[in-house]
Amino acid sequence: MGPLMRISLFSLRHPFQASLAIGATVVASILQLLIPRLLGQAIDQAQNVLTVAGEGAQQALIWTAVTLLVVSVARGMFTLVQNYYSESVGHHVGYELRLAFYDKVQRLSYSYHDRVHSGDLITLGLLDLDGLRMFFATGLVRTVLLAVLIGVGAWMLISTDLVLGLLALSFVPFVAWRSSVAQLTLRATWMVLQEKLSVLTRVMEENLGGIRVVRAFSGQRHELEKFDDASTDALQLAHERVQVRVKNTSMMTFSFFAAMGLVLWFGGNKVIAGEMSVGTLASFLTFMTILQMPVRQLGLMVNSYARASTCGHRFYALLDAPEEIADRPGATPLGISDGVLKFEDVHFTYPGASVPALNGISFEARPGQTIGIVGAPGSGKSTLAHLMPRFYDVGSGRITIDGQDIRDVTLQSLRRSVAVVQQDTFLFTTTIENNIAYGDPWAKERKIERAAESAQLHNYIMGLPADYDTVVGERGVSLSGGQRQRLSIARSLVLKPAVMVFDDSTAAIDAGTEHRIRSAIRRYASDRVTMIIAHRLSSLMHADLILFLEDGRIVERGSHDELLAQAGRYRALYDLQTRPADDLEAAQ
């Protein structure tokens with residue numbers, strides 16, 4: 001089933017509005033086709049009034065004029081109904097498409113978002129979906145309108161005069177052929193144009209998101225050149241699309257007026273020969289005049305179909321994308337009894353990568369224990385954090401909580417039980433209270449405050465003019481890096497998870513504040529598993545078990561004192577971090 005057919009099925013969810021829109025279009029079209037007949041009849045009757053004396057001819061003319069007025073008013077009313085309900089269906093379908101798009105984006109895996117730029121998704125969610133909405137609001141209605149006008153009108157014309165009727169409709173095959181050619185051309189152009197618009201959105205999003213970096217490095221000119229290049233590409237394609245549409249519309253309009261000229265020539269000769277009345281010829285010409293606007297709009301309709309087809313392909317490419325991380329059939333909520341976390345011979349390779357990120361990771365953590373993870377960048381530390389809440393699935397081996405494979409439990413229950421505090425924190429443009437309570441919107445005020453106290457943020461918040469009702473700027477720009485990290489810690493503490501993972505989440509916090517946070521979290525997580533990933537060994541010295549990772553493998557494990565005694569990699573890193581700066585400079 002093609003994308004246009006699949007999208008058209010959305011209108012079936014609104015049968016009342018869709019039926020009214022199509023029904024009103026059909027009735028309005030038929031009424032519009034009666035106008036040429038009535039007008040021709042009125043002309044013949046007016047001629048009779050002038051040539052044939054009598055009250056009957058004048059009476060007939062009056063009745064025809066009244067009928068013409070009534071038909072015109074009725075057509076206007078049905079056109080009003082058509083426009084209202086076609087727009088209504090278009091907006092309802094657009095609303096449902098946006099919901100389907102947004103719901104799908106929320107459920108797509110991390111690996112999908114790793115591959116697809118957010119700017120492309122923004123373009124799809126705005127421009128592409130608007131193209132689909134316009135297809136419903138105008139494209140389908142124009143199709144029905146043109147089909148009725150040509151179908152019923154052809155029968156009316158041919159039944160009146162076969163030869164003249166065929167001449168009047170002679171432009172229709174040419175228009176249909178040109179429309180098909182133009183649609184294929186425009187569809188290809190729209191496909192490339194949408195990609196260029198995605199690039200344009202991507203450049204704009206990156207520029208606005210990194211505006212401080214741009215200003216700090218005086219990169220305004222470079223960014224403007226990037227934006228200009230992307231805009232020029234999109235503009236060139238837009239011009240090509242307009243050229244195709246204008247050329248197509250011009251050729252169709254020419255064929256229409258050529259057919260009208262033939263009708264006028266042959267019809268005029270018939271009138272002169274007395275084989276046709278002036279009113280009948282006028283009705284033919286009026287009918288063609290009525291068809292003039294739909295024919296002119298046919299170029300727009302073809303463009304609408306081409307755009308909708310392109311947007312539909314892009315939309316369903318996303319909607320049909322596999323959800324790599326989802327609840328398995330029969331998945332059950334995670335039940336926490338003891339809260340024991342186990343990694344059992346876990347291997348993992350990122351999609352598209354050739355080198356494994358983790359190789360045979362095995363360890364066990366019990367409630368109340370703190371596990372420290374240390375290693376060089378790229379050793380697999382953050383990958384451990386990504387696997388526990390199932391941002392990605394393990395390649396082989398398994399991760400269990402109280403013996404339950406995390407792939408066999410529901411994602412919602414798992415992610416409420418495993419909280420990951422990342423170094424790159426994201427804050428929403430809302431109040432501090434809403435940011436802290438994001439994972440638990442129904443959290444009571446005291447629970448939020450306790451979480452902030454444990455994160456050493458409460459006193460700072462209370463010093464703000466609106467305390468917890470203070471609105472942070474976009475991405476938390478009004479807060480320092482350390483404050484954003486502490487707010488992120490508080491957000492995780494509100495959940496009271498069974499497993500807490502701190503992925504280098506105190507890197508922007510001074511040592512004194514970090515010590516106070518660590519002490520508070522130890523009290524807070526006395527019956528929970530705590531995992532701390534850090535580069536500073538001072539953050540890990542208190543851990544019950546420290547794992548030293550290298551190339552995705554655990555090469556050393558033990559407590560701080562045990563690892564120092566082994567005099568291995570951990571000891572070398574410890575000596576490096578604790579040596580005085582003067583000694584380091586001398587060594588270099």
Exercise. For residues that are of a type outside the set (Ser, Thr, Tyr) and touching a strand residue (DSSP E or B) at 6+ places or on another chain (Cβ under 7 Å), scanning just region 409-428, find the one that is modelled with the lowest pLDDT.
Key: Gln423
Practice problem: Hey, can you tell me all the residues within region 1-23 that are crowded, with 17+ Cβ neighbours inside 10 Å, more than 14 Å from Gly94 (Cβ to Cβ) and under 23 Å from the mean Cα position of the chain (by Cα)? | Solution: Pro3, Leu4
Quiz prompt | Only one of His535, His560 that is modelled with pLDDT of 85 or more and in the same structural domain as Thr370 (by TED's automatic domain parsing) | solution = His560
Quiz item: If we scan region 441-451, do we find a residue that is outside the structural domain of Leu358 (by TED's automatic domain parsing), closer than 30 Å to Glu205 by Cβ and not aliphatic (A, V, I, L, M)?
Solution: yes
Exercise. Report yes if some residue within region 476-484 is surrounded by 14 or more Cβ atoms within 10 Å (Cβ to Cβ), at pLDDT below 70, aliphatic (A, V, I, L, M) and more than 25 Å from Val340 (Cα to Cα); otherwise report no.
Key: no
Quiz prompt | Criterion (outside the structural domain of Gly165 (by TED's automatic domain parsing), within 30 Å of Met5 (Cβ to Cβ) and not acidic (Asp, Glu)) met by exactly one of Pro329, Pro294 | solution = Pro329
Practice problem: Identify all residues within region 318-339 that are more than 30 Å from Asp120 (Cα to Cα) and touching a Phe, Trp or Tyr at 6+ places or on another chain (Cβ under 8 Å); write none if there are none. | Solution: none
Quiz item: Does any residue of region 433-447 turn out to be more than 13 Å from Phe343 (Cα to Cα) and in contact with a strand residue (DSSP E or B) (Cβ under 8 Å, 6 or more places away or on another chain)?
Solution: yes
Self-check item: Tabulated pairs, region 84-100, first under 15 Å from Ser8 (Cα atoms), second modelled with pLDDT of 85 or more and of a type in the set (Ser, Thr, Tyr), C-beta under 8 angstrom, 6+ apart or interchain
Solution: Ser86/Thr25
Quiz item: modelled with pLDDT of 75 or more and of a type in the set (Lys, Arg), is that true of Arg491?
Solution: yes
Self-check item: Output for region 389-403, where each listed residue is under 34 Å from the mean Cα position of the chain (by Cα) and either β-branched (Val, Ile, Thr) or farther than 18 Å from Tyr112 by Cα (or both)
Solution: Val394, Ser396, Arg398, Ile399
Quiz item: Condition test on Gln243, is it part of a helix (DSSP H, G or I) and either among the charged types (D, E, K, R) or within 29 Å of the chain's Cα centre (by Cα) (or both)?
Solution: no
Quiz item: If Gln292 passes every condition in (1) modelled with pLDDT under 85; (2) buried (at least 19 other Cβ atoms within 10 Å of the Cβ); (3) over 17 Å from Leu186 (Cα atoms) but one, which one does it miss?
Solution: (2)
Quiz item: Are any residues in region 93-121 outside any helix (DSSP H, G or I) and either under 19 Å from Val199 (Cβ atoms) or touching a Lys or Arg at 6+ places or on another chain (Cβ under 6 Å) (or both), and if so, which ones?
Solution: Val116, His117
Quiz item: Which is more than 28 Å from the chain's Cα centre (by Cα), outside any strand (DSSP E or B) and of a type in the set (Phe, Trp, Tyr), of Tyr460, Tyr438?
Solution: Tyr460
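Take Leu224 and decide whether it is out of contact with any Pro (no Cβ under 8 Å at 6 or more places or on another chain), at pLDDT 80 or above and more than 15 Å from Cys311 (Cβ to Cβ).
yes
The values are calculated or read from the model by the stated rules, or taken from the named source; none is laboratory data. None of these values were measured; they are calculated from a predicted model. When we count neighbours, we look across all protein chains shown, and the Cβ atoms used for this are built from the backbone with ideal geometry, even at glycine.
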